1. For the range B:169-268, which helices (runs of 4 or more DSSP H) that fit wholly inside it have 2 or more residues that are within 14 Å of chain A (Cβ to nearest Cβ), of a type outside the set (V, I, T) and over 12 Å from the mean Cα position of the chain (by Cα)?
2. Being modelled with pLDDT of 95 or more and either in contact with a Lys or Arg (Cβ under 8 Å, 6 or more places away or on another chain) or polar (S, T, N, Q) (or both) is the filter here, so list the residues in the range B:251-268 that pass it.
3. Within the range B:52-70, restricting attention to residues that are out of contact with any helix residue (DSSP H, G or I) (no Cβ under 8 Å at 6 or more places or on another chain) and aliphatic (A, V, I, L, M), which residue is modelled with the highest pLDDT?
4. How about the range A:159-168: which of its residues are under 17 Å from A:V268 (Cα atoms) and either in contact with a helix residue (DSSP H, G or I) (Cβ under 8 Å, 6 or more places away or on another chain) or more than 12 Å from chain B (Cβ to nearest Cβ) (or both)?
5. Taking the range B:49-105 as the region of interest, how many residues are aliphatic (A, V, I, L, M) and assigned to a strand (DSSP E or B)?
6. Condition first: part of a helix (DSSP H, G or I) and acidic (D, E). Now tell me which residues in the range B:129-156 satisfy that.
7. Is at least one residue of the range A:104-115 more than 14 Å from chain B (Cβ to nearest Cβ) and at pLDDT 95 or above?
8. How many residues, within the range A:318-348, are crowded, with 16+ Cβ neighbours inside 10 Å and without any contact (Cβ under 8 Å) to a residue 24 or more places away in the chain?
There are 2 protein chains.
Amino acid sequence: MKSFMKNTPAYKRLVPLSEESRDFFVGKKVLITGGSGFLGSSLAQSLVELGASVTLLDAQLPLYGGNRFNIENVLEIVEFVEGDIRDYELMRTVLSGQDVVFNLAAQVSYLDASDQPFEDLDINGRGHLTVLEAAKEVAPEATIVFSSSRMVYGKVIELPVREDHPTEPLSLYGIHKLLGEKYYAYYARAFGLKTVSIRIPNPYGPRQQMKHGKYSIVGWFVRQAMDDGALTIYGDGKQARDYLYVDDIVDAFLQVSQKGAGGQVYNVGTHERVTFTEMVDAVLAATGSGHKEFVPWPEDYERNETGDYIADTTKLEQVTGWKPQVMLREGLEETVAYYKKYKDHYWST
Amino acid sequence: MKSFMKNTPAYKRLVPLSEESRDFFVGKKVLITGGSGFLGSSLAQSLVELGASVTLLDAQLPLYGGNRFNIENVLEIVEFVEGDIRDYELMRTVLSGQDVVFNLAAQVSYLDASDQPFEDLDINGRGHLTVLEAAKEVAPEATIVFSSSRMVYGKVIELPVREDHPTEPLSLYGIHKLLGEKYYAYYARAFGLKTVSIRIPNPYGPRQQMKHGKYSIVGWFVRQAMDDGALTIYGDGKQARDYLYVDDIVDAFLQVSQKGAGGQVYNVGTHERVTFTEMVDAVLAATGSGHKEFVPWPEDYERNETGDYIADTTKLEQVTGWKPQVMLREGLEETVAYYKKYKDHYWST
C-alpha cells in the first residue's frame, strides 16, 4: 500500500469510499476487464484503496481507451494481464477464483460501431458471451457487473427514463449493448450467476481517452477548450443530457456489486438537467480557454437524435442507497485539473 | 410452369393465393434464404405459383431443416444456390437485383442455441447482419422480411401478447432473434431499407424437418403418433399455445412484403386458445395412432416456461388485412396426409 501511495497521480476523490465498501472488498479477489480504460482504471484506484486483491485485464487495442498511464500508480500492487475477453481459455484462467468481476471491456464508440459493425458485435456481443460462458464454468459464484449504456433506449418517449422504458436503439452500439444486457440477465436466470447491468449516460472525468472525439463529448470538449479551440454546438444546443462524473459511476459499481446482483438492470444519472450549451459553458468556465461555435444540424441528424435524456435512478437508490454526488461544475473542475497536470499522457496517440 | 405442375407433391393449399399477390409478385425477383427449409420451401411453392422469379439459398447444414425434397418439384424453375448467409461476398452476389428478400435462414432450435451459444450468435446474429450490410450496398431498394419468434417475449405478462410487450427472452435463441429484429429495425431507420420482422409462434405443417424433436413439438408429435409411440405431456398440459399452420405464415410473409415493410415488427397467430393437451389429442385424432403419457415437470422447468401464449395480431391485420384461416384440426389433417405420403423423405437423417 505504501508503494501505491507514493506515486499516485493527484486525485481528489469527490465521492468518499464507504466503510461498508471497505468491509466488503477487503481481501476480496476482483477482476476488472477493460482494466486500463477510463472506468476500469478509475475503479481499480478505489478497489486498491479498499484492500481488494485486484487483477486488471486489458487488450490495449490501439484506438480504444486503454492507457497504461491510467494504472501506472497501481501496477506494483495489482496483477495486470494483457489479453482479450474474446479469448475463452484466457478468460477461464483469469476468472478462476474471482469473487467479483467488473466486465468493462468494450468497444465504446457508437461511430466506430457503425463503421465496423462486425467488430462491434464481436467485442460487445461475443466477447461478453465468452466471459459468461467461462464464468459459468469456473466462477459460478462470482458477482459480475456489466457496463451498459443509455444508448439502449433509443428515442426517448418519457422523461425521466425508467429501466422499463422501451429499448429501440438508434445505433449498432446500442443494439450490441442491449444484447450484452440480455446475456447477463439470461445467465442469471438460467444458471444462477450473480450478474447486474448498469446503464451509463454521458460519462466524464479523469483517465478518459483524449486521442479522438469519437466518444465522450465532454472529454473531447475539455481537450478542445484546453487547446483554445472551438467547441461546436449543433442547432440551438438545448437538448438535455445526463453527464455523470466518474466517481459517481465507480460508486455505483461498488454498491451494486454488494447489493444488486440478481440479473437486474439499473440506471445511473445525476438528476441534473443540463443542456448541451450549458455543458459547453461549464467546460469553457472550467478551462478558462476556448470558445463556442454554433452550426446548423446536418440534414439527417434526427435519425440519431435520442431527444432529451434524464435517467430515473429510483430503482438503484432503493436497492443500494446509491445517490449521485457530483454536479457538473465540480466534476469538470477536477477533470480539468487532472488533464492540466497529465496532459502529455493523454493528448498524443 | 408445366414442368413444375407435373411433379408437384400432393399439396392442398388451405389458404388461397390472392389476386393482389399475383399482381404484385408476377415477374418480381425474389430471394429466399433458408430456401429448402420448412418455411422457405413452403413460401417458394407459393411464389412460383404467383409467377415470381425465385432464387433459393440454403446452406444445407446437417442438423437443420434444409431438405432437398422440400423443393424438388420447383428445382427446374427456381435458381438454387448452396451457400451460407454468413458469406458476405456470396450475399452481395445473390442479393444484387432482388426486389424482395425473405431472409429465413436460421438456427431454429432453442435447445441447440443453449448448447452451442457461439454458433447460434454466429448464424442468427452475425449472419443477418451480413445480409443487411450486403443489402445496404447492392439492394438498397429491396423489401427484406425477417422471421423472428415469439421467444423474444420471454415470460408472458399480459394476454393476448401485443408487439410492445416487454422482451426478456428466456433463451439464447430468443436473445439472438431479438438481436436480429433490432438489426432489421436499425437498417430501416438508418439507411431506409424496407425491412420487416414477423414474430412466429409455434409453426407446424408439411415440409417441417422430422429428424429430431429439438424444435417443432407438433411436428415431432405427428411423427411419434404416426410411429404409434408415446406423446409426452409434462404436468397437467394446460399451458395455452398458439399453433400456426404454415399456409397462414406464408400468407403473412406474402402480405407483409407488399404492405408492411417499414422497419416494423408484427405478430402472427391463430387467436385459437389451444392447450398443450388439446394439441396432443388433435394429433392423435389426425393420425389415428399413438397414445399420450403424462409425466411430472422436471424440477427446474419454470425458468424456461413462458406461461400461456396467445398473440394479438391486430397490428398486422390493420396494415395488411391478413387473417389466420387454418384452425389446428384442419391443419393437422393436411400435415398428416403429407407425411403419410412422403414419410421416407423426412424420417431418415
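1. Answer list for the range B:169-268: B:172-191.
2. B:Q255, B:S257, B:Q258, B:G263, B:Q264, B:V265, B:Y266, B:N267, B:V268, listed by residue number.
3. B:A59
4. Across the range A:159-168, the qualifying residues are A:L159, A:P160, A:V161, A:R162, A:E163, A:T167.
5. 6
6. B:E133, B:E137
7. yes
8. Qualifying residue count, the range A:318-348: 0.
The values are calculated or read from the model by the stated rules, or taken from the named source; none is laboratory data. Keep in mind that this is a model prediction, so the values were computed, not measured. All Cβ positions, glycine included, derive from the backbone under ideal geometry; neighbour counts span all protein chains shown.
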